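I have placed the structure first, in the form of C-alpha cells, so that the comments after it can refer back to it.
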C-alpha cells in the first residue's frame with residue numbers, strides 16, 4: 001500500500017514538473033490551468049505552424065477522381081489550432097499513458113481525429129512524459145506528414161464544403177499574424193524609434209513604420225496634391241515607385257484625407273488615360289473608364305459607358321442616355337468628333353489619341369458615314385430643291401418649275417420660294433422677279449423644239 005502511494009506521489013510530482021515546463025514554454029497553449037490542480041485534466045489549444053507557406057488544396061472528397069468535385073486552393077503558413085482535452089491518470093507517466101478525452105479542430109478543418117489519436121498514443125513510452133512531445137508534434141505540423149496529408153509544400157485537406165472552409169482558414173491566418181504583429185516591438189525606419197506593433201503599420205512590401213510618421217508624411221503629400229509619393233518611404237520602394245493601397249492609406253490618415261487622395265488618384269488616372277470619360281451628369285462628374293473589348297472585336301456596344309457612382313448609362317460619343325448599339329448619335333455630335341479627327345494630320349499623335357479614346361473602328365465608321373453624308377448633301381444641293389414647308393427634297397427631271405408638295409405647300413423649284421396656292425403662276429409672270437418668264441427651263445424642252453415663256457395674267 002505504501003509503495004502504491006509512493007508511486008502515485010512520484011507520478012504526481014512528475015506531472016507537476018512536466019506541467020510547469022509546458023507552462024513556461026507554451027503559456028499561450030494552456031487556456032485553463034485550474035482544472036489540472038483539481039482532477040488532473042488539461043486542455044491545450046495548439047496552433048499549427050507550417051513554416052514555409054504551403055499550397056493548400058481542399059477537396060470535397062478524400063480522393064477526387066474527376067473534375068466534377070469541388071475544390072479550393074490557397075497559400076497558408078498557419079492553420080487553426082487543435083483543441084486537446086487530456087486527463088492524466090494517477091499512474092502517469094510511470095505505467096499509464098495520458099487519456100485523450102477529445103480532439104477538436106477549429107472550423108473542423110481536420111476530420112481524421114481517430115488516426116491522430118492513435119499516433120499520439122504510440123508516442124508514449126513507459127516511465128517518460130509525453131505531453132511536450134505531443135504539443136511539439138502538433139505545433140510543427142509533423143502529424144500532417146505522418147498521415148500523408150503534406151508532401152513537400154503541398155497540403156491536401158478534405159472537407160464537405162471547400163468554398164466555406166477556405167475563407168475561414170485565410171481569415172484565421174490573417175488574424176493570427178496581426179495578433180503576433182501587435183504584440184511585438186519594431187523600429188520605425190523614419191524616426192528610428194521602437195514601437196509596439198499596434199502603433200505601427202506594416203505595408204504590403206513588409207516594411208514597417210510608425211503610424212505617426214506615415215500620417216505626417218502621407219498627409220503632407222495629399223495636402224500638396226503629390227499623390228505619387230503616397231507610398232512606402234523605404235529607398236528601394238521609392239525607386240520602384242511602390243504606392244500605397246487605399247486600405248493602407250485609410251489606416252494612417254483621416255477620412256477627409258482619404259477622400260482627397262482618392263479624388264487626386266482618379267484625376268491623375270483620367271489625365272493619363274485618354275479613354276476615360278467623365279460622367280455627363282452635372283452632379284456627378286465621376287471618371288468612367290472604357291469597358292474591355294470582348295473577343296478583341298469592336299462593336300456598337302463599345303460606346304456604352306456606365307458610371308459606377310450614379311449608375312447613369314450613356315453613349316461615349318454624344319454623352320446622351322444610352323440609345324443602343326445600332327442607333328446612330330445625332331449628326332451634330334458625331335460630326336464634331338469627325339472634324340476634330342480629320343483636323344489632325346494622317347498618322348499623327350492627335351488621331352491616335354482619338355482612336356484610343358473611342359476605338360479605331362468606331363472612328364473609321366464615323367468618318368465613312370460623315371464623308372457619305374457630305375456627298376449626299378452636295379448632291380442634294382446641286383440636284384434638288386427643298387420644300388420650304390417640310391424640308392423634303394424634290395428632284396425635277398421634266399416639267400414646269402411649279403411644285404406642289406405633299407404637305408400642301410406650293411413652291412418654285414428654281415429659287416425655292418413659297419408660292420400662293422390660289423395663283424402659283426403669278427411668281428413666273430410678274431416682271432422684276434428673278435423667275436419671271438422661267439416657268440419652264442430650256443433644258444426641260446426637247447432639243448429642236450421652239451419654245452417661249454408663258455405668261456399667266458392675274459385673274
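The values are calculated or read from the model by the stated rules, or taken from the named source; none is laboratory data. Every value quoted in this text rests on a predicted model; they were computed, and no experiment measured them. Backbone-built Cβ (ideal geometry, glycine too); neighbour counts: all protein chains shown.
Overview of results
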quantity: Failed item in (1) out of contact with any helix residue (DSSP H, G or I) (no Cβ under 7 Å at 6 or more places or on another chain); (2) at pLDDT 85 or above; (3) surrounded by 14 or more Cβ atoms within 10 Å (Cβ to Cβ); (4) over 21 Å from residue 362 (Cα atoms), with residue 233 passing the rest; calculated: (1)
quantity: Positions within the stretch 398-425 being in a loop (DSSP other than H, G, I, E, B), crowded, with 17+ Cβ neighbours inside 10 Å and touching a residue at least 40 places away in the same chain (Cβ under 8 Å), in sequence order; calculated: 401
quantity: Subset of the stretch 272-286 [part of a loop (DSSP other than H, G, I, E, B), modelled with pLDDT of 80 or more and under 16 Å from residue 354 (Cα atoms)]; calculated: 276
quantity: Residue among 213, 237, 221 that is within 30 Å of residue 185 (Cα to Cα), touching a strand residue (DSSP E or B) at 6+ places or on another chain (Cβ under 7 Å) and assigned to a helix (DSSP H, G or I); calculated: 237
quantity: Residue, nearest to residue 337 (Cα to Cα), within the stretch 287-301, restricted to residues that are modelled with pLDDT of 80 or more and surrounded by 15 or more Cβ atoms within 10 Å (Cβ to Cβ); calculated: 290
quantity: Criterion: surrounded by fewer than 15 Cβ atoms within 10 Å (Cβ to Cβ) and either at pLDDT below 85 or under 19 Å from residue 149 (Cα atoms) (or both) - qualifying residue of 24, 65; calculated: 65
quantity: Tally of residues being surrounded by fewer than 18 Cβ atoms within 10 Å (Cβ to Cβ) and not in a helix (DSSP H, G or I) across the stretch 115-133; calculated: 5
quantity: Residue that is nearest to residue 60 (Cα to Cα), among those in the stretch 139-173 that are surrounded by fewer than 14 Cβ atoms within 10 Å (Cβ to Cβ) and free of Cβ contacts under 8 Å to residues at least 12 places away in the same chain; calculated: 164
quantity: Any hit, the stretch 360-374, residues being in contact with a strand residue (DSSP E or B) (Cβ under 9 Å, 6 or more places away or on another chain) and surrounded by 13 or more Cβ atoms within 10 Å (Cβ to Cβ); calculated: no
quantity: Which numbered condition residue 243 fails, given (1) under 21 Å from the mean Cα position of the chain (by Cα); (2) farther than 13 Å from residue 261 by Cβ; calculated: (2)
quantity: Filter result for the condition that a residue is assigned by TED's automatic domain parsing to the domain that holds residue 236 and within 35 Å of the chain's Cα centre (by Cα), over 201, 155; calculated: 201
quantity: In the stretch 302-344, residue surrounded by the most Cβ atoms within 10 Å (Cβ to Cβ) [restricted to those that are free of Cβ contacts under 8 Å to residues at least 12 places away in the same chain and over 21 Å from residue 356 (Cα atoms)]; calculated: 323
quantity: Residues of the stretch 310-322 satisfying the condition of being outside any strand (DSSP E or B) and at pLDDT 85 or above; calculated: 310, 311, 312, 322
quantity: Residue under evaluation residue 201, criteria (1) farther than 30 Å from residue 233 by Cβ; (2) modelled with pLDDT under 90; (3) surrounded by 18 or more Cβ atoms within 10 Å (Cβ to Cβ), criterion not met; calculated: (1)
quantity: Filter pass, residue 182 being free of Cβ contacts under 8 Å to residues at least 40 places away in the same chain and out of contact with any helix residue (DSSP H, G or I) (no Cβ under 7 Å at 6 or more places or on another chain); calculated: no
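Every residue, every condition in (1) over 49 Å from the mean Cα position of the chain (by Cα); (2) in contact (Cβ under 8 Å) with a residue 24 or more places away in the chain; (3) assigned by TED's automatic domain parsing to the domain that holds residue 43, yes or no:
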residue	(1), (2), (3)
71	no, yes, yes
75	no, no, yes
80	no, yes, yes
85	no, yes, yes
88	yes, yes, yes
95	yes, yes, yes
99	yes, no, yes
103	no, no, yes
107	no, yes, yes
